[in-house]
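Worksheet: one structure, shown below.
Throughout, read-outs are computed from the coordinates displayed, never taken from laboratory work. What you see is a predicted model, and the numbers here were worked out from it, not measured in a lab. Note that we place each Cβ from the backbone using ideal geometry, even for glycine, and neighbour counts take in every protein chain shown.
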Amino acid sequence: MTIAPAPELELEDIRVVTNDVWTSFLATYGPLEWAAEPLDEHEVVRASVAIHGDWCGTVSLEMTPATAETAARTMLHIEDGAVVEDVDVTDALGELVNMIGGNIKSLLPSGSTLGLPMVIPAPVLPPTGVEHTEHYRVELAWAGTPIRIRVWSGDESKDIPQP
Amino acid sequence: MKILIVDDSRVMRQIVIRTLRQAGMDGHDVVEAENGRQGLDAVAEHAPDLILSDWNMPELTGIEFLHALRGSGDETPFGFVTSEGTPEMVTRAQQGGALFVITKPFTAESFREQLDAVLGAV
């Protein structure tokens, strides 16, 4: 399988797009900043959305399960101490990556389409058989908790038959 | 007035409802649907005055929903609230009969800007 070349993006583009989303819906909890430490690979929830067009790839948003719950709590205005349902965490993360991916798609040549978001709890690695090449990685921190955005060629939503 | 909000994300539907309130558009009845197919059912049942729809949804996308409405002769004012605000998408939306496209992420100001003219005419 031929991996598509990297889309023409700048890390700052990805940061700005993500910051716009965070400012609109999550700023009440804290600002989004460049991270001092990368996200721990072993404790991650990943939300992904595929882009199909001249370039086919995936935009992923990764954070710890605790941060994901905080994001859902903030977006839904759920009070501290009240239960945040898993379905709402999945929904919130899916919507966040949908907005980030949609706005990154807007920076690419016209004609691309956006898939429906997928949310996968830990482990962080792409499913076996999904060939992928990471092109961009942005490590950010939201109120001190790590957030990662990755742009990579390959579509996590496709099942690739095992040899 | 009655506003139909169509989005497969319950989180986003709640945010849209909250943003309408922040934009000074509270006091309206709100109906929710999870996709375009449920949206068609909701239009038949509730006869909304305004439809705010996502674009990318399972079952029936927002643009398919709009085409089905206009194809049946329904002229309910319709706007997209979507993460995909490219010029080509805006053109497709307008050609399909949508009055506006609000791009996610959005603010109360962007809602007020787009909806003031529409609500004034409803």
**Message:** Report the Cα-based extents of chain A along its three principal axes, largest first, to the nearest Å.
**Reply:** 48, 34, 28
**Fill in**
From DSSP H assignment alone, runs of 4+ in chain A each adding -39500 (n - 2.57), the sum over residues rounded to the nearest 500 puts [θ] at 222 nm at -9500 deg cm²/dmol
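Beyond 20 Å, what share of the Cα-Cα pairs of chain B remains, rounded to the nearest whole percent?
Numbers: 2437 of 7381 pairs.
In whole percent, the share of Cα-Cα pairs in chain B beyond 20 Å is 33.
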**Prompt:** Percent relative contact order of chain B, based on C-alpha pairs within less than 8 angstrom and at least six residues apart?
**Reply:** 24
**Item:** For chain B, calculated [θ]222 nm from helices alone, where every DSSP H run of n ≥ 4 adds -39500 (n - 2.57)
**Value:** -14500 deg cm²/dmol
**Prompt:** Convex hull over the Cα atoms of region A:16-101, averaged projected area in nm²?
**Reply:** 6.4
**Complete:** In whole µm²/s, the translational diffusion coefficient that Stokes-Einstein assigns to region A:1-42, given a Kirkwood hydrodynamic radius over C-alpha pairs, 25 °C and 0.890 mPa s, equals 191
**Request:** May I ask you to list the GluC sites (Glu not before Pro) in region B:38-122 that are in a DSSP loop and have at most 16 other Cβ atoms within 10 Å of their Cβ?
**Result:** B:GLU59, B:GLU75
**Request:** Could you line up B:LEU69, B:LEU99 from fewest to most neighbouring Cβ atoms inside 10 Å?
**Result:** B:LEU99, B:LEU69
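Looking at the protein assembly as shown, send over the antiparallel percent of its DSSP beta bridges, to the nearest 5.
65
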**Message:** Taking each pair of distinct Cα atoms in the protein assembly as shown once, what is the resulting Kirkwood hydrodynamic radius in Å?
**Reply:** 19.5
